[in-house]
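What follows is a single structure, written as structure tokens, with notes after it.
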């Protein structure tokens, strides 16, 4: 298992948690429709996952789109920000929706097996680690686990459904 730890101060972590709480309150009050991307970064039977400073558990790298940004550009930017990786070819794996906790989130999932680490994760990432596809962490978020299990089972064409 390969691990990259990113030290962060307690003050910085608390600040990010407060911002995240404020964001959740905003989403509850205004119910925005949100579009995001996730990247399944897999090489040699290992998947790279991130642990954020403000939410417990493991996630595939990803995040929201910026104005005038394509889905692929957002996936590349988020992968670079959260892992320091430059992505080669990316493949569309699916489009998924999440309506849990009054959300209206829509995630576009990409697969990348051709990437190289050229930088470091940004401050919101507490840890970056590679896990075997056969030994995923217990605290991997459920939607992320489902997508990785589908991939391991041989899913290759774009899928749609609930995250």
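The values are calculated or read from the model by the stated rules, or taken from the named source; none is laboratory data. For clarity, every value in this text was computed on a predicted model and none was experimentally measured. Here Cβ is always computed from backbone atoms with ideal geometry, including for glycine, and neighbour counts include all displayed protein chains.
Considering each residue of the stretch 18-51, count those that are part of a strand (DSSP E or B) and either loosely packed, with under 13 Cβ neighbours inside 10 Å or modelled with pLDDT of 95 or more (or both), and give that number.
Summing the residues that are part of a strand (DSSP E or B) and either loosely packed, with under 13 Cβ neighbours inside 10 Å or modelled with pLDDT of 95 or more (or both) in the stretch 18-51 gives 14.
Being under 16 Å from the mean Cα position of the chain (by Cα), under 14 Å from residue 50 (Cβ atoms) and surrounded by 12 or more Cβ atoms within 10 Å (Cβ to Cβ): is that true of residue 149 here?
no
Restricting to the stretch 80-104, what's the tally of residues that are crowded, with 16+ Cβ neighbours inside 10 Å and touching a helix residue (DSSP H, G or I) at 6+ places or on another chain (Cβ under 9 Å)? Break it down stepwise before answering.
Initially, the stretch 80-104 is screened for residues crowded, with 16+ Cβ neighbours inside 10 Å, giving 80-85, 87, 90, 93-96, 103.
With the extra rule that they be touching a helix residue (DSSP H, G or I) at 6+ places or on another chain (Cβ under 9 Å), the set shrinks to 85, 87, 90, 93-94, 96, 103.
Adding up the residues that qualify gives 7.
Can you pull out the strands (runs of 3 or more DSSP E) entirely within the stretch 105-153 that have at least 1 residues that are touching a residue at least 40 places away in the same chain (Cβ under 8 Å) and under 29 Å from residue 32 (Cβ atoms)?
Strands (runs of 3 or more DSSP E) meeting the threshold: 105-112, 125-132.
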